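The values are calculated or read from the model by the stated rules, or taken from the named source; none is laboratory data. Remember, predicted model here, so these are calculated numbers, not experimental data. Don't worry about glycine lacking a Cβ; one is built from the backbone with ideal geometry, like all the others, and counts go over all protein chains shown.
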Amino acid sequence: MRAISSLFALLAALALSGCGLVYKMEINQGNYVTQDMVAKLKEGQTRQQVKLLLGTPTTESVFHKDRWDYAYSLERRGKTVTSHKLTVVFADEKLKSWTVADLPTSPVVDRDPAYAILEKDKKPDDSPGWWSRIADWWRK
């Protein structure tokens, strides 16, 4: 009897582990910077002006005092949805150059894409699961 109940508990745990009942938190890290914000950068701006446009940098290195890095990544359900990086370089306390990689074009829902429905993210596996459909039906 004990072996049967242990086997049943093990099978139930295995069945429930794969059905998506475990919540995976959305993880927002870094500074959300858009192309619109970068378009306002001009060579010769002071550090304060850059900070007003882009916010506080994610990384200010002790070894690279004239370089600021603005990195951002968003993970949804354990998968990386988006990530981008902006590097700003100063010379004599004035903005000298900047390099960008994969910046979004505009802000999404008050600069916080974690709560937005991004069209590019819609995939068949993003549809509500059977448990959500039952819960929705029960609430009606």
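Restricting attention to the stretch 35-92, which residues are among the β-branched types (V, I, T), part of a helix (DSSP H, G or I) and closer than 13 Å to P104 by Cα?
Filtering the stretch 35-92 down to residues among the β-branched types (V, I, T) leaves 38, 46, 50, 56, 58-59, 62, 80-82, 87-89.
With part of a helix (DSSP H, G or I) added as a condition, the list becomes 38, 50.
Hit for the stretch 35-92 is V38, nothing else.
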Review point. How many residues are surrounded by fewer than 17 Cβ atoms within 10 Å (Cβ to Cβ) and free of Cβ contacts under 8 Å to residues at least 24 places away in the same chain when one looks only at the stretch 70-86?
Key: 3
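Quick check on the stretch 40-59: of everything there that is surrounded by 12 or more Cβ atoms within 10 Å (Cβ to Cβ) and more than 16 Å from K96 (Cβ to Cβ), which residue is nearest to the chain's Cα centre (by Cα)?
Looking only at the stretch 40-59, we keep the residues that are surrounded by 12 or more Cβ atoms within 10 Å (Cβ to Cβ), and these are 40-41, 45-47, 49-51, 53-55, 57-59.
Filter once more, so that each one left must be more than 16 Å from K96 (Cβ to Cβ): 40, 55, 58-59.
Details: K40: 23, G55: 17, T58: 14, T59: 17 Å.
That would be T58.
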Exercise for review: Considering only residues that are within 18 Å of V33 (Cα to Cα) and aromatic (F, W, Y), look in the stretch 43-83 and name the one that is modelled with the highest pLDDT.
Suggested key: W68
Check your understanding: Taking into account only those residues within the stretch 98-125 that are surrounded by 12 or more Cβ atoms within 10 Å (Cβ to Cβ) and outside any loop (DSSP other than H, G, I, E, B), which is modelled with the highest pLDDT?
Key -> W98
Check your understanding: Applying the selection to the stretch 1-35, what residues are modelled with pLDDT under 80, among the hydroxyl-bearing types (S, T, Y) and surrounded by fewer than 10 Cβ atoms within 10 Å (Cβ to Cβ)?
Key -> Y23
Check your understanding: Regarding L86, is this residue at pLDDT 75 or above and within 30 Å of V62 (Cβ to Cβ)?
Key -> yes
